[in-house]
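To start, the structure under review is shown below, and the notes come after it.
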Amino acid sequence: MVARTRFVLAVIVLGLLMTGPFVVTALLVWLEAKGPTRALLIEAVAPHLPLGALMTLLGFAVGVAIVRNLFRQYVQGLLRMAENLSLMLVANREFRVQESGPPEVRALARHANALAEQRDALLQDVEAQIARAKHSVEEEKNRLAALMSELTQSVVVCNLDGRILLYNHRARTQFRALSDAPGVADGGELIGLGRSIYGVFERNLITHALETIEQRLQRSKTQAVANFVTTTRAGQLLRVQMAPVLSVGQEGDGERSVTGFILMLDNITRTFETESRRDQMLHSLTEGNRAALANVRAAAEMLEYPDLQDELRARFRKVIRDDVAAMSARLDRTANEFADSLKARWPLEEMLGADLIAAAQRRIEQVVRLPTKLEDVDESLWVKVDSFSLMQALTYLANRLSDEFEVREVRFRLTGAGRLVHLDLIWSGQAMSTETVMSWELEPMHIGDDTSPLTVRDVIERHDGEMWLEREKVRHRAFFRILLPAAVPQAVAEAPVPAEGEGRPEYYDFDLFNWSEKSRALDERLLSELAYTVFDTETTGLNPSNGDEIIQIGATRIVNGKLRRQESFEQLIDPRRDLPEESIRIHGITPDMLSGQPPIAKVLPAFHAFAADTVLIAHNAAFDMRFLQLKENLTGIRFDQPVLDTLLLSAVIHPNQESHRLEAIAERLNVPIQGRHTALGDATVTAEVFLKLIPLLAEKGIRTLRDARHAAEKSYYARVNY
């Protein structure tokens, strides 16, 4: 605006300089001339006035063009250079000023780039020294991170306000099981840096445990812990151990205060249910058999009388038979329940298939004394198995083959079949009937003195596999084929590359950003201190008011000035309407991908919980917020937190740049673009852009949320409504 005012003033001055001397001279001549002289003057000048005016206008136009060109080359060029220099200083060290314009401006750009090169050389030297100084600290940090990630127990560290400061992968997995909508939010609405632990536990429960710890600390100098068991909203039973995070007193006085707490969580729901079933089995076995044993004992004592009548003797024998049969049935039922409890405790772990076969070979040769060989083993295959129970089954089958069919050697074959693995146990000898195979599958496994209540069928079903007998008539061989799940890492699907086309329109309506009390409470907070949810939507079209719907929501979080990539939200949504071809070309989402996905009414509550207690950020946010606003009546969900827009903030920082599209901003700030036109991909790029905008905003005196909001409202794009 200041530059434009200067241009207008320059044009006015040019007009005055071109017409002023002529007008003043003509006025003086007119005043000095009298009567006849004035008439002669008019008669001499009047015929030439149109030509003089035309020449003056042409000269003025040429002068304006020259001033405009000089203004663009020097004033606007220098302003644009100033913005680019700001990028070099703050956001993008690799950026260089383009050497364009008049010679003086090019020389200035050349020297500015040379200074930037010198600056980079100095900074590289400083960074190298800092890197060496931080190396030992980073090593300690990595050791801690490795320890946390490998812990089999869930660990969550919180401050005294209940905000999560640290958690491990096991905790995230466990919180997913506690989520009301694990398929939609993946537990992200419960756990995340900066989130409140009171979304899972009652505040009074944590407060009571903290009070208990503080009382124990006051009585003893040793570190105190508190233990409790609680039930979550999802009905899970958790055993929690709380330990305090203590500060160290000043000057070594030993006084310590609680600055936070550590929660170590165990989900004991299944353990509790298993122990309850085991207790019931033991109770049934003891109490149920006690009465039967008493009856058998009494009947046996009566049978010892020699003069007992035949009718009573038969009756007592019947009592013994019935009670013994009932005891036998009870024992069988208990044994089956115990086998079921064993199967429930089986862990499936990933291991190399060749290692599994090598272990089975050693066990068969040691226990059965049967030679083994390898026929065709693909050493690249991984399987997901319970190795102990599967080796038991293979050893049992080899033992039966050796005892009943006098097999003198078995061979192993391991081949891949897509998501499954074929494990073959091969032998040569006489044919075996299908009935024999079924009987082997269904009988409890006995190998010498080693017995198990489990059957081969139990083991196969536990692995979600199959087993059958096949014959090779030409080679006079047969083999058991066992299908096992392959342990193949899930491939990350590449985001579809959309065809080039127009993106969403850049329009704005500040009625979407009515500030609630929650927003005003954050107004004075520094931008660098706030927690953010950066989100993006993909839609069926560009007209939310005309029936277009959201088909994907993607979001990520910024906490303490850092992008938390692992804390993300990504969900496809069934729009319950047709998907236009032109929108498919942009985002690459097809109707088949949306089939079976949850509707917006189920996804929005989960996303609302994910974004709770944060500031929303989007690029061209009015577009996304309009879709959310139109679903308020349907879902009862209202997003009333503050909203910032990187489109407006970029226009505030760089008013002289021609484009503020996300790609253009990312290029200026040296932010790599991945997964463009996917909701999570765009949200991640927007988050990285916003982090680089924060120091640029600070240079302009925009440091708080209030500053950013007011500056955005005054930008050019904020005046365009729809």
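The values are calculated or read from the model by the stated rules, or taken from the named source; none is laboratory data. Note that the structure is a prediction, hence the values are computed from the model and not measured. We place every Cβ from the backbone using ideal geometry, glycine too, and count neighbours over all the protein chains shown.
Count, please, the residues in segment 621-676 that happen to be surrounded by 23 or more Cβ atoms within 10 Å (Cβ to Cβ) and of a type in the set (Gly, Ala, Ser).
Of the residues in segment 621-676, 3 are surrounded by 23 or more Cβ atoms within 10 Å (Cβ to Cβ) and of a type in the set (Gly, Ala, Ser).
Considering every residue within segment 448-470, establish whether at least one is crowded, with 18+ Cβ neighbours inside 10 Å, part of a strand (DSSP E or B) and more than 45 Å from the chain's Cα centre (by Cα).
Scanning segment 448-470 turns up no residue that is crowded, with 18+ Cβ neighbours inside 10 Å, part of a strand (DSSP E or B) and more than 45 Å from the chain's Cα centre (by Cα).
Name the single residue, out of those in segment 361-372 being among the β-branched types (Val, Ile, Thr) and not in a loop (DSSP other than H, G, I, E, B), that is surrounded by the most Cβ atoms within 10 Å (Cβ to Cβ).
Step one: list which residues in segment 361-372 are among the β-branched types (Val, Ile, Thr), which gives 364, 367-368, 372.
In the following step, the residues that additionally are not in a loop (DSSP other than H, G, I, E, B) were identified as 364, 367, 372.
Numbers: ILE364: 25, VAL367: 17, THR372: 20.
Step by step, filter segment 361-372, then rank; the result is ILE364.
May I ask you to list the residues in segment 555-596 that are under 27 Å from TYR532 (Cα atoms) and either polar (S, T, N, Q) or assigned by TED's automatic domain parsing to the domain that holds ALA171 (or both)?
THR556, ASN560, GLN566, SER568, GLN571
Taking only pairs six or more apart or across chains, which ones have beta-carbon atoms under 9 Å, a first residue in segment 378-404 that is not assigned by TED's automatic domain parsing to the domain that holds MET432, and a second residue that is part of a helix (DSSP H, G or I)?
Final answer for the pair search is none.
Scanning segment 629-652 for residues that are of a type in the set (A, V, I, L, M, F, W, C) and in a strand (DSSP E or B), which turns out nearest to VAL689 (Cα to Cα)?
Here the residue is LEU644.
So that you can scan it fast, the table gives a plain yes or no per residue for (1) under 30 Å from ASN656 (Cα atoms); (2) within 60 Å of the chain's Cα centre (by Cα); (3) not polar (S, T, N, Q):
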{"site": "ARG6", "(1), (2), (3)": "yes, yes, yes"}
{"site": "VAL24", "(1), (2), (3)": "no, no, yes"}
{"site": "LEU27", "(1), (2), (3)": "no, no, yes"}
{"site": "ALA33", "(1), (2), (3)": "no, no, yes"}
{"site": "LEU54", "(1), (2), (3)": "no, no, yes"}
{"site": "VAL62", "(1), (2), (3)": "yes, no, yes"}
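Could you grab the pairs with beta carbons closer than 9 Å, sequence gap of 6+ or different chains, first residue in segment 54-72 and closer than 15 Å to LEU9 by Cα, second one among the charged types (D, E, K, R) and not in a helix (DSSP H, G or I)?
Pairs that qualify, where the first residue is closer than 15 Å to LEU9 by Cα and the partner is among the charged types (D, E, K, R) and not in a helix (DSSP H, G or I): there are none.
Quick check on segment 77-89. Is at least one of its residues in a helix (DSSP H, G or I), farther than 22 Å from ILE665 by Cβ and of a type in the set (Asp, Glu)?
No - not one qualifying residue is present in segment 77-89.
Look through segment 373-431, keep the residues that are in contact with a Phe, Trp or Tyr (Cβ under 9 Å, 6 or more places away or on another chain), part of a strand (DSSP E or B) and of a type outside the set (D, E, K, R), and return whichever of them is surrounded by the fewest Cβ atoms within 10 Å (Cβ to Cβ).
Result: LEU374.
Could you check segment 8-22 and list, in sequence order, the residues that are of a type in the set (Val, Ile, Thr) and over 60 Å from the mean Cα position of the chain (by Cα)?
If the condition is that a residue be of a type in the set (Val, Ile, Thr) and over 60 Å from the mean Cα position of the chain (by Cα), then VAL13, THR19 are the ones that fit.
So GLU337 fits all but one of (1) of a type in the set (D, E, K, R); (2) surrounded by 15 or more Cβ atoms within 10 Å (Cβ to Cβ); (3) modelled with pLDDT of 90 or more; what number is the exception?
(3)
When the residues of segment 258-314 are filtered to those that are acidic (Asp, Glu) and surrounded by 13 or more Cβ atoms within 10 Å (Cβ to Cβ), which remaining residue is modelled with the highest pLDDT?
Across segment 258-314, the extreme among qualifying residues is ASP266.
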